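Asker: My structure is below; once you've seen it, I'll send some questions.
Derivation of every value follows stated rules applied to the coordinates shown; laboratory data play no part. Please read all numbers here as calculations on a predicted model, not as lab measurements. Reconstructed Cβ throughout: ideal geometry from the backbone, glycine too, with neighbour counts over all protein chains shown.
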């Protein structure tokens with residue numbers, strides 16, 4: 001996040017996503033790892049890179065400076081990290097000693113039975129997102145008509 | 001008889017309504033008045049307008065200014081265009097003050113053009129005359145028949161326990177006052193026909209006079225404190241209306257206001273007293289109150305008595321509320337005669353006399369009454385010594401004589417006080433009307449320094465005024481002697497020796513200043529303008545007749561009523577009213593406290609009579625020496641007073657001992673200062689607080705709106721801060 | 001490795017994402033930070049799923065749903081950013097202050 005160049009930041013983000021995918025696999029949830037790679041690395045990262053390209057016409061090395069409020073932000077972030085971390089660490093989660101792997105069949109079954117409604121809603125959400133994105137990002141009509 | 005009693009006040013009320021509704025249409029006053037002489041005397045362009053500018057008024061300190069060229073020119077017949085605004089139906093046009101003259105100038109000025117016709121007096125005077133006849137019937141019935149009448153008209157207020165009836169009671173006290181009020185009232189009405197006969201507002205005058213008669217009669221006839229209070233306030237109102245009759249004259253308007261305000265101060269106390277009576281006794285009817293007054297504790301009774309007396313102090317112009325009476329001389333002379341000599345100012349005396357059971361229960365209050373009475377008597381007499389306006393001399397004389405009456409009431413000499421009230425009403429009314437006749441004859445001049453030698457030209461006025469003055473000075477045979485001496489004798493008998501001595505001194509002073517006035521006015525050489533002198537004449541019969549009529553009781557009333565002292569007719573009549581209070585005010589160790597010997601001509605009683613008469617005679621003699629024989633003597637006397645105090649004392653006396661100035665400073669200027677301070681407080685502190693809150697709100701708002709930057713990152717920071725707070729709350733504090 | 005370690009990593013990621021969101025001026029970088037925060041949540045979900053057997057795969061499932069929502073949100077967000085950048089010619093969020101007081 002502290003990289004000066006926005007493209008460098010985007011690349012770093014992709015690396016991060018990749019690492020997370022690896023972590024998911026380590027945690028015994030390969031399906032999530034696969035989804036992570038597909039969605040984040042495959043779609044969202046590309047999306048972001050496209051957005052950067054579309055908006056930085058000819059100026060890909062544009063520096064990305066910090067706010068004036070950077071110190072307050074750092075303080076807030078530190079506080080958040082500290083509090084949550086302390087809370088998380090000091091709580092007894094009743095964790096088992098070893099990891100439990102994800103059962104793919106069970107997930108698939110649950111997705112279409114217990115969690116069918118969220119599934120449908122998420123698909124609606126995606127539909128709305130697509131439509132909205134298309135609408136928002138189109139070129140202004142007046143220029144084309146004037147031409 | 002009951003019907004007559006109801007009619008006595010009702011007739012003047014009807015007269016008032018008649019005068020107001022129909023009166024204006026009955027008079028016809030021409031637009032242009034009589035021709036003007038180009039005189040140096042006051043501009044008397046008498047267009048018969050109301051609201052006269054009394055050019056004749058002289059202030060105490062200086063000479064009367066000779067009208068300037070413009071003033072004379074303005075009042076010439078050629079300046080009459082202002083009359084175009086005037087109309088002749090009695091309403092007042094917009095006339096400049098210099099052109100208005102309310103004084104009657106009957107007969108001496110040649111008139112070109114139509115004469116004014118006055119008919120609006122007929123009904124009011126007639127009704128008052130009728131009321132007088134009925135009053136005499138009732139008087140005879142009460143006094144000679146020994147009856148006491150009580151008439152209830154109807155229930156006025158009936159609210160739970162509080163019940164007030166419109167009811168009239170006539171006992172001998174009321175009857176005595178009826179005598180004075182009705183008689184002098186009728187005579188003043190007749191007198192006014194002549195006195196006001198150049199005035200535009202003729203009908204208005206009679207309307208107010210009738211209203212006043214109604215109010216005063218209501219006051220003395222009422223049988224409960226509330227009716228008395230109603231009448232009391234109403235006479236105060238009428239006093240205002242009548243003093244300020246020439247309302248366009250600023251000094252008159254101011255005097256009317258002053259009278260009303262000062263009266264009001266006393267009325268406030270009176271009102272509180274009435275409320276106290278009601279709170280403590282639950283009734284306001286005289287009979288019930290007097291029966292139960294003994295049940296209250298001393299402090300309460302004293303308080304009630306003092307509050308009632310406060311009202312009397314205001315109404316009857318005693319110190320310190322005396323200041324309105326001399327200024328009230330701004331009103332027409334009939335007003336002064338009626339209200340400020342014979343009737344309204346007696347209301348205070350009537351109140352205290354009527355409430356004698358209350359006062360008898362409170363020795364402290366009686367001391368206060370007597371003390372104020374004595375002090376006012378000598379105070380007012382000391383001022384009257386140096387006054388130069390005829391009416392002011394008589395005004396202060398009235399204050400002084402009223403003080404005598406309060407003095408008498410305060411020492412328990414109830415009958416003597418009422419006796420003096422009756423005789424004073426007659427001779428003071430006479431003196432005032434006589435002075436009006438003098439002013440009339442001298443074409444408006446009121447300053448006795450500019451009069452003189454009028455007795456050949458105004459014989460009847462002179463004679464009657466001398467009669468009145470002899471009465472006032474307390475010379476034997478005349479009415480004033482018997483009443484005044486009885487007061488002094490009672491003072492001596494009851495043990496008030498110091499007050500007695502003061503009373504004798506005041507008697508001397510009274511005689512002195514009265515005859516100073518007589519000598520300066522009627523004897524010696526005329527000191528005014530030559531042209532005025534040429535037209536001095538006796539006044540019209542309507543004005544002289546009341547003088548003569550009043551001279552009769554002035555001479556005879558004492559003889560008829562007061563002989564023998566303490567045993568005369570009037571004592572018999574009033575005995576019952578004051579029966580329970582006879583013993584009040586008697587100091588232990590005095591003559592009256594011991595065995596009562598009754599009056600002895602060759603004993604103490606006779607001695608006291610002699611002292612009183614001598615004091616009066618001495619005063620007259622001194623006045624004669626100083627104002628007839630040797631006019632320079634007063635000045636030499638003033639110079640010879642040790643320690644060089646003479647001129648200062650003279651100045652103090654002329655300036656009324658600066659009481660008015662003190663009041664002006666403390667109350668008027670002080671009031672203004674207080675008002676300014678309060679205004680400052682309201683504007684700066686209270687408004688400041690309110691505005692301050694608004695200012696704070698504005699500043700706070702101004703600060704707070706800077707939070708809304710419109711930038712996402714700042715809002716995000718806010719969210720993060722909130723998140724931190726929540727985390728702290730849940731993880732650290734763990735509620 | 002233990003649940004706590006994963007949670008610490010997740011927390012740190014969240015903190016970095018939060019810092020980036022609050023401290024950067026470029027709109028797209030802010031969106032990147034948001035993605036980072038969402039990912040950290042995913043990580044913690046999957047970690048819980050792995051270490052707490054009673055969860056019965058709810059964690060992984062929820063992580064998948066979160067991913068879907070994140071994708072949608074990234075889409076719309078980027079579309080917005082593109083539109084805004086086109087009209088204002090700048091990517092700095094300091095300039096987007098029309099709604100200020």
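Asker: When a footprinting reagent is the concern and you count Cβ atoms within 10 Å, what order do A:86, B:695, B:460 take, fewest first? Kindly include the intermediate steps, with their values, before the conclusion.
Answerer: On the way: A:86 14, B:695 11, B:460 18.
Listing A:86, B:695, B:460 from fewest to most nearby Cβ atoms yields B:695, A:86, B:460.
Asker: Still on this structure: For the range B:324-339 and the range B:216-237, write down the distance between their C-alpha centroids in whole Å.
Answerer: 20 Å
Asker: Scale the Cα Rg of the protein assembly as shown by the rule-of-thumb value 2.2 N^0.38 Å and send over the ratio, two decimals.
Answerer: Working: Rg = 52.6 Å, N = 983, 2.2 N^0.38 = 30.2 Å.
Normalised Rg, Cα atoms only: 1.74.
Asker: For chain C, what is the calculated [θ] at 222 nm in deg cm²/dmol (nearest 500), taking -39500 (n - 2.57) for each run of four or more DSSP H residues and dividing by its residue count?
Answerer: Theoretical 222 nm ellipticity from helices: -27000 deg cm²/dmol.
Asker: Over 24 Å, how big is the tail of the calculated P(r) for chain C, in percent of all Cα pairs? Display every interim value, and only then the final one.
Answerer: On the way: 1816 of 5050 pairs.
Roughly 36 percent, rounded to a whole number.
Asker: While we're looking at this one, here's another question. Residue C:90 to residue A:92: FRET efficiency via 1/(1 + (r/R0)^6), r the Cβ-Cβ distance, R0 45 Å, to the nearest 0.05?
Answerer: Values: r = 50 Å, r/R0 = 1.11.
Once the sixth-power term is evaluated, E becomes 0.35.
Asker: Ok, one more. Please give the FRET efficiency for residue B:261 paired with residue B:636, using the beta carbon to beta carbon distance and R0 = 56 Å, rounded to the nearest 0.05.
Answerer: Here the calculated transfer efficiency is 0.85.
Asker: Going by how many other Cβ atoms sit within 10 Å of their own, how do B:578, B:205 line up, fewest first?
Answerer: Least crowded to most crowded, the residues run B:578, B:205.
Asker: Another question, then. Which FRET efficiency value, to the nearest 0.05, is calculated for residue B:287 and residue B:556 with the Förster distance at 35 angstrom and r the Cβ-Cβ distance? List each step's numbers first, then the result.
Answerer: Working: r = 34 Å, r/R0 = 0.98.
Taking R0 as 35 Å, the efficiency between residue B:287 and residue B:556 is 0.55.
Asker: I'd like the distance separating the alpha-carbon centroids of the range B:666-690 and the range B:448-502, in whole Å.
Answerer: Between the Cα centre of the range B:666-690 and that of the range B:448-502, the gap is 51 Å.
Asker: How far, in nm, would the chain grow between residue B:705 and residue B:587 when pulled straight, counting 0.36 nm per residue and subtracting the alpha carbon separation?
Answerer: 33.9 nm
Asker: Contact order normalised by length for chain C, with contacts defined as Cα pairs under 8 Å and 6 or more residues apart; what percent is it?
Answerer: 29 percent
Asker: Note the full-extension length gain between residue B:237 and residue B:607 as 0.36 nm times their separation in residues minus their Cα-Cα distance, in nm to one decimal.
Answerer: On the way: separation 370, 0.36 × 370 = 133.20 nm, distance 4.54 nm.
128.7 nm is the gain from fully extending residue B:237 to residue B:607.
Asker: Please arrange B:428, B:706 by counting, for each residue, the other beta carbons lying within 10 Å of its beta carbon, fewest first.
Answerer: Neighbour counts put them in this order, fewest first: B:706, B:428.
Asker: Compute the separation of the alpha-carbon centres of the range C:22-101 and the range B:188-211 and state it in Å as a whole number.
Answerer: When both Cα centres are located, 104 Å separates them.
Asker: For residue B:691 and residue B:679 in one chain, what is 0.36 nm times their gap in residues minus the Cα-Cα distance, to one decimal in nm?
Answerer: Taking 0.36 nm per residue and subtracting the Cα distance, the gain is 2.7 nm.
Asker: Please give, to one decimal in nm, the separation of the simple spin-label points placed at residue B:505 and residue A:103, each 7 Å out from Cα toward the Cβ.
Answerer: Label-label distance for residue B:505 and residue A:103, simple model: 13.0 nm.
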